[in-house]
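Each remark here refers to the structure printed beneath this line.
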Amino acid sequence: MPRTQQSCRERALFSMANVMHLIVLLLYCNGMNTETTPSPESDPVITTKKAESKGQSQVIIEELAILTPQYIELLCNLTDIPNNPLYITGYWTKDGQEIENSEETVNRNNEQYILKRTFSIQARDLGNYSCVFRENEVQVTFVLDVPVMKEKRDKPVVSYIGDSVVLECKLKYTPNTWNWYKANNTEKVLINVTANPLNYKILINGNKTKLTVLNLTEEDSGKYICSAEFDIKPSESYVELKVMSYTEPLKPFMAIVVEVIVLVTLILLWEKCNKPQHNSSAGGNDIYSEQTSKLTHDDSNGVDNNTTRHRKLEH
């Protein structure tokens with residue numbers, strides 16, 4: 001009896017295992033044949049930028065700051081043109097090159113002619129986009145670029161060995177972060193404040209950043225690049241630094257002093273070379289004067305002697 005019960009239990013367990021195996025197999029096959037339905041993509045957010053032109057033969061430029069990749073709709077609205085034709089022809093260009101299949105007929109609508117087009121803008125797509133109305137010689141150019149740092153120094157920042165100097169960059173827009181680089185020939189090297197705390201300090205305050213270079217040496221001279229990091233592309237500018245020794249400003253004056261010393265030396269040498277000739281001629285003149293004086297003295301002595309003799313004879 002116990003053996004029979006054990007055998008029944010084993011059969012039951014075996015049957016349950018087979019059933020579970022079959023269920024798993026069915027679920028696997030069902031998963032293989034099931035197709036996943038992709039979720040519908042949301043419509044892209046489109047930013048519209050509009051420019052209006054009046055009359056003929058106009059060129060209008062609109063600068064647009066692009067911070068992130070996006071879809072942007074550019075719209076040109078032409079009004080106040082002579083005769084108000086029923087339609088005119090318009091097309092688009094990028095960086096001066098006509099965009100393929102962009103030409104279209106623009107119908108008059110309430111005394112206006114509207115030409116618009118949507119562009120997908122990534123980093124490689126930045127540039128100058130222009131709508132052109134062919135018959136009226138009207139052009140509107142949209143300059144799509146990251147914000148530009150317009151305040152640039154024409155001359156380098158000058159400091160001296162051992163001092164510290166502060167370099168600054170700022171923008172109208174606030175970037176995600178700021179980075180500083182030092183130009184090394186054709187490459188740029190990221191300035192790591194953590195690795196060089198004795199040489200650099202970086203301060204970031206929204207749309208401004210400052211780099212402090214400490215304990216200056218001549219090797220610190222060069223070009224420093226500040227980079228405002230945006231989602232679409234960095235915006236970069238640079239500051240030139242020139243490190244000099246304290247004697248550097250004196251070099252022009254030292255050059256003048258050296259020139260004066262050389263000139264005086266040449267004058268003295270010239271005088272020294274010409275001095276012996278003057279002495280020899282002067283010496284000759286002295287000898288000649290001395291001989292003449294001696295002869296005169298001798299003659300006078302002779303005259304005196306003759307006079308004395310005559311006097312003696314008279315007596």
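Residues that are at negative phi and either among the acidic types (Asp, Glu) or open to solvent by 80 Å² or more (accessible area, probe 1.4 Å) (or both): which strands (runs of 3 or more DSSP E) entirely in the stretch 175-219 hold 3 or more of them?
It comes to 187-190, 200-205.
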Tell me yes or no: at least one residue of the stretch 87-109 is closer than 27 Å to Met149 by Cα, under 38 Å from the mean Cα position of the chain (by Cα), surrounded by 14 or more Cβ atoms within 10 Å (Cβ to Cβ) and in contact (Cβ under 8 Å) with a residue 60 or more places away in the chain.
no
For the stretch 70-84, how many residues are touching a residue at least 24 places away in the same chain (Cβ under 8 Å), surrounded by fewer than 16 Cβ atoms within 10 Å (Cβ to Cβ) and within 17 Å of Glu137 (Cα to Cα)?
4
Inspect all residues belonging to the stretch 48-58 and state whether any of them is surrounded by fewer than 14 Cβ atoms within 10 Å (Cβ to Cβ), over 14 Å from Arg134 (Cα atoms), at pLDDT below 90 and among the hydroxyl-bearing types (Ser, Thr, Tyr).
yes
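The values are calculated or read from the model by the stated rules, or taken from the named source; none is laboratory data. What you are looking at is a predicted structure, and each value in this text was computed from that prediction instead of being measured. Every residue, glycine among them, receives a Cβ derived from its backbone with ideal geometry; neighbour counts consider all protein chains shown. These accessible areas exclude ligands, DNA and RNA; they are computed on the full protein's heavy atoms, side chains included. Shrake-Rupley method; radii C 1.70, N 1.55, O 1.52, S 1.80 Å.
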